[in-house]
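Scroll down for the structure; my scribbles are underneath it.
The values are calculated or read from the model by the stated rules, or taken from the named source; none is laboratory data. All figures in this text were calculated on a predicted structure; none of them were measured in a lab. All Cβ positions, even for glycine, are placed from backbone atoms using ideal geometry, and neighbour counts span all protein chains on display.
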Amino acid sequence: MSLPLIPAPARLDLLDGEPYEVPHDYWTAGAGPETGDVRYSLEVSAEGGFEIAPQGPGGDEAATATVVQLVELTQRRVPALRIEDAPRYAWRGLMIDVARHFFGPGTLRKVIDLAALYKLNVLHLHLTDDQGWRYEVPNRPELTEVSGATAVGGSAGGFLSAAELADLTAYAAERGVTVVGEIDLPGHTGAALHAVPGLNVEGVAREAYTGTDVGHSTLRLDLPETAAFLEDAVGALVAQTVGEFVHVGGDEVRLLTREEYLAFVQHVEALVLRLGKRPVFWQEAAPALQDTRSVVQLWDSNADPAEVVAAARRGHQVILSPGNRTYLDMKYDAGTRLGLDWAGYVDVRDSYDWDPATLVEGLPPESILGVEAALWTETIETEDDLFAMLLPRLPAVAEVAWSAPEVRDWEAFAEDLEAHVALWQARGLAHTPRPLTGT
Ligand code: ACM
């Protein structure tokens, strides 16, 4: 029997044909991972066997995700098909802000499972901000002892112990997901200023901050304690990182002069590189960067992207997280209870219907390392809140990161997505019902 072929890279498609029962465990992995690009082929034969042939790191996990989706979405009645599939972008991320409100290993495991189901391969954890400090720095226990306990609105805080972060990192790795921790510098540092008196100009610890304003905190390189603090705090994050990248922030700094800010970024860039990792910075840092191993993450869809474009032309890779497409803390519409709206409302189609290659005029398409969804948690207090903002938009961003525009189709995606609700419900995940078709 000749099997229809879905062109690579493929969107998940259930082909026409007479469905038949396939037991869940009736598939065999093909060749093991090899060097080279991530890709896989998957064949379901008329006899009901699954054959997958993964290639490259992550190929196995991607194939498995497709098999799980096929089996569950068809209620185990999978039609004969053949898929040749490969991702469009290497970085397919989701950022969760665990600093404003803390989410611990239980929730984060569910987030990793969901990310893997949609073939995302990076979990970026925003671990520090004004309101809380969420990872351990061994020779500075006051960071987690004092600022682990704070959060927006006086909510219960928390932090990931080194053991918990290591477990989570291993759990993610088993599912093809790399954890990238972020220490946000030099702004968004109220929690550090609250825990470490010597980081303050007056030498006195700042009050805990539990509001949601931004831009009111900064570290300063002209204070004698700052460089040692950076060694310790960035060093501890690097020590807890298995992958190639650590995120070192750089956004929304309003209390330094431009010269002070650029010098701070360059100090941190050099530190991360010296410690053997590649730094990722939010877009404001773009004009400061000195080494093309450093990556720029675009986020502010209201800002002029000229400096991001210039950095890309100098050889920096770029991750695209445009607020008006991928910030899943934006409200779906005016009636959404949770979330913010500074980037506008972001409905499912907004998250789906865009092309990274043409988003930013002048950005060389080959500079695009990937796409990342982001969930900031100023208004997100519970696990149900969190998933109600991720779903149904996360699969939309994931498909932008995975599939080429010529195989994407909003109407077909929206139709398929209705079946995904059962997948989320089977995993106990909340979602926000949205009108998907005819919009
Ligand atoms: C950001 O949303 N401030 C990176």
Among the residues of segment 317-328, are any in a loop (DSSP other than H, G, I, E, B), farther than 15 Å from Q283 by Cβ and within 14 Å of the ligand (Cβ to nearest atom)? yes
Of the conditions (1) assigned to a loop (DSSP other than H, G, I, E, B); (2) touching a residue at least 12 places away in the same chain (Cβ under 8 Å); (3) of a type outside the set (A, V, I, L, M, F, W, C); (4) out of contact with any Ser or Thr (no Cβ under 8 Å at 6 or more places or on another chain), the single one that E378 does not satisfy is (4)
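Going by the conditions given, is G335 more than 12 Å from the ligand (Cβ to nearest atom), farther than 25 Å from L120 by Cα and either free of Cβ contacts under 8 Å to residues at least 60 places away in the same chain or in contact with a His (Cβ under 6 Å, 6 or more places away or on another chain) (or both)?
yes
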Restricting to segment 361-382, count the residues that are out of contact with any Phe, Trp or Tyr (no Cβ under 7 Å at 6 or more places or on another chain) and away from the ligand (no atom under 16 Å from the Cβ). 9
Restricting to segment 381-410, what's the tally of residues that are of a type in the set (S, T, Y) and either closer than 19 Å to I83 by Cβ or not in a loop (DSSP other than H, G, I, E, B) (or both)? 1
Could you tell me how many of the residues in segment 243-283 are in a helix (DSSP H, G or I) and more than 15 Å from the ligand (Cβ to nearest atom)? 15
Within segment 300-310, can you find the residues that are within 16 Å of the ligand (Cβ to nearest atom) and either part of a helix (DSSP H, G or I) or of a type in the set (A, V, I, L, M, F, W, C) (or both)? A303, E307, V308
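Could you tell me which residue of segment 54-113 is modelled with the lowest pLDDT, considering only residues that are in a loop (DSSP other than H, G, I, E, B) and in contact with a His (Cβ under 9 Å, 6 or more places away or on another chain)?
Going residue by residue through segment 54-113, those that are in a loop (DSSP other than H, G, I, E, B) are 56-58, 74-76, 79-80, 86-90, 98-104.
Okay, now just the ones that are also in contact with a His (Cβ under 9 Å, 6 or more places away or on another chain), so 76, 98-100.
On the way: R76: 78, V98: 99, A99: 98, R100: 98.
If we take residues in segment 54-113 being in a loop (DSSP other than H, G, I, E, B) and in contact with a His (Cβ under 9 Å, 6 or more places away or on another chain), then R76 is modelled with the lowest pLDDT.
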Are there any pairs with C-beta distances below 6 angstrom linking a residue in segment 284-299 that is within 20 Å of L359 (Cβ to Cβ) and within 16 Å of the ligand (Cβ to nearest atom) to a residue that is charged (D, E, K, R) and not in a helix (DSSP H, G or I), with the two at least 6 apart or on different chains, and if so which? E284/D251
